[in-house]
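Read the structure below first, then the notes.
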Amino acid sequence: MTSAHHISIVRSVSDALKKRVVSHPQFASAMASCERILARHTLGMSPSGLFVYGPSGVGKSHVATSFVDRAQSAYGRNNGTILHFTLSGTTALGDVYTDILKTLGDPNFTNGTIPGKLNRITDGLKARGTEIVIFDEMHHLFTAKLAGPKLLIDIANGLKALMDSAKVSILIFGIPDVLRLWHHDQQIRRRFNAPVPLTFFSYPDDRVTWTAIIKDLLGVLNQCSVTSTLPLGSVSDRTFLASNGSIAIASRILNEAAANALLRSDTEMSKADFSQAARSIVTVEDGNPMAFELSDAMVANACRSHATPQPAPRAPGVSAVLST
């Protein structure tokens, strides 16, 4: 039976991995771009915006939350000056406005037309002294059913109203679908900085960086008294093959492997713990769920011959958008 002590370590590992900020070149570039938007406000410049985009699992939400934390700790901002919203499911534009009004403390947040809600939002943001509004998972507005030209126009007009009337900058995070807005509206392109892509890591080019990231994450587990029987190189290569270069999936594998060990009252992760974790988390669409069951020779060969993941597809141009 698993002891209360080991159960508490499982929770500690999970919390520690979620909070861990793992810096790497792509992360640093995206963070620097976000900080430049904030710097514009410090200098009294006009509001701007930024798209951070890439496929699921590359760390977009990690950048968003890390930026909020850094803005608060390093630049003295608070929850009033930076608002962070995460969209989910099939979200309508009116629902987003309702959520913003609720956060702003509007007692009638469910009432009113979209234009009326937008006016109340701009008033509320000005009263609150908000500088930046973050929309994470913004692609949920771009469902196949709703993503016609009118929606793109309405979203663009709403963003421009927030920038003009409330003097706030906008940070948008999402899969490449969000760039439909960038391509659709010329004024958005003029007001926003160049979009920042995040991609999966690839072997062999990113092997050193990937190994450093896995070493860092294993260090987090070590701080929670969890170790590995596998050497760093093996864990690094096998998590890469299993996750296809996704830090989010790799972190989940390590978390699950630690839980597997702790649930059998052990603090040392075995190859079987990693294997079980990969098979329970990874699908063939994501990577290789059998990565921890391959021989060392097969792993080495797979790493040498691993195809570089394809870059995120570009969003369609204006003509393609208007034809939908």
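A few comments on the model shown:
- Whichever residue in the stretch 164-196 is assigned to a helix (DSSP H, G or I) and among the β-branched types (Val, Ile, Thr) and, among such residues, is nearest to Met45 (Cα to Cα): Ile188
- Residue count for the stretch 221-248, restricted to those that are surrounded by fewer than 22 Cβ atoms within 10 Å (Cβ to Cβ), of a type in the set (A, V, I, L, M) and touching a residue at least 24 places away in the same chain (Cβ under 8 Å): 2
- Qualifying residue in the stretch 80-88 (condition: of a type in the set (Val, Ile, Thr), touching a helix residue (DSSP H, G or I) at 6+ places or on another chain (Cβ under 7 Å) and at pLDDT below 95): yes
- Answer residue from the stretch 120-150, given it is in contact with a strand residue (DSSP E or B) (Cβ under 6 Å, 6 or more places away or on another chain) and not in a loop (DSSP other than H, G, I, E, B) and is nearest to Leu104 (Cα to Cα) among those: Val133
- Matching residues in the stretch 1-10 - criterion: being surrounded by 13 or more Cβ atoms within 10 Å (Cβ to Cβ) and at pLDDT 80 or above: Ile9, Val10
- Criterion applied to Arg77, Arg11 was being basic (Lys, Arg) and assigned to a loop (DSSP other than H, G, I, E, B), and the one residue passing it is Arg77.
Residue-wise test of (1) among the charged types (D, E, K, R); (2) not assigned by TED's automatic domain parsing to the domain that holds Ala64.
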position: Gln187; (1), (2): no, no
position: Thr209; (1), (2): no, yes
position: Lys215; (1), (2): yes, yes
position: Ser228; (1), (2): no, yes
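- Boolean, Ser33 is modelled with pLDDT of 85 or more and under 27 Å from Trp210 (Cα atoms): yes
- Among the residues of the stretch 160-177, those identified as of a type outside the set (Gly, Ala, Ser), closer than 17 Å to Ala194 by Cα and crowded, with 23+ Cβ neighbours inside 10 Å are Ile170, Leu171, Ile172, Phe173.
- Residues of the stretch 197-214 that turn out to be touching a helix residue (DSSP H, G or I) at 6+ places or on another chain (Cβ under 6 Å) and either closer than 18 Å to Lys60 by Cβ or not in a loop (DSSP other than H, G, I, E, B) (or both), as a count: 5
- Filtering Gly80, Gly129, Gly89, Gly76 for residues that are exposed (fewer than 15 other Cβ atoms within 10 Å of the Cβ), in the same structural domain as Pro176 (by TED's automatic domain parsing) and closer than 29 Å to Gly57 by Cβ leaves a single hit, Gly89.
- Lone qualifier among Lys60, Lys102, Lys117 - being surrounded by fewer than 15 Cβ atoms within 10 Å (Cβ to Cβ) and touching a Phe, Trp or Tyr at 6+ places or on another chain (Cβ under 6 Å): Lys102
- Members of the stretch 248-280 found to be in a helix (DSSP H, G or I) and more than 19 Å from Val299 (Cβ to Cβ), listed by number: Ala248, Ser251, Arg252, Asn255, Glu256, Ala258, Ala259, Asn260, Ala261, Leu262, Leu263, Ser280
- Ile153 being surrounded by fewer than 18 Cβ atoms within 10 Å (Cβ to Cβ), outside any loop (DSSP other than H, G, I, E, B) and aliphatic (A, V, I, L, M): yes
- Residue check, Ala39 of a type outside the set (Phe, Trp, Tyr), closer than 22 Å to Ile188 by Cα and in the same structural domain as Gly124 (by TED's automatic domain parsing): yes
The values are calculated or read from the model by the stated rules, or taken from the named source; none is laboratory data. Quantities reported herein were computed from a predicted structural model and do not represent experimental measurements. Ideal geometry is used to build each Cβ from the backbone, glycine not excepted, and the neighbour counts take in all protein chains shown.
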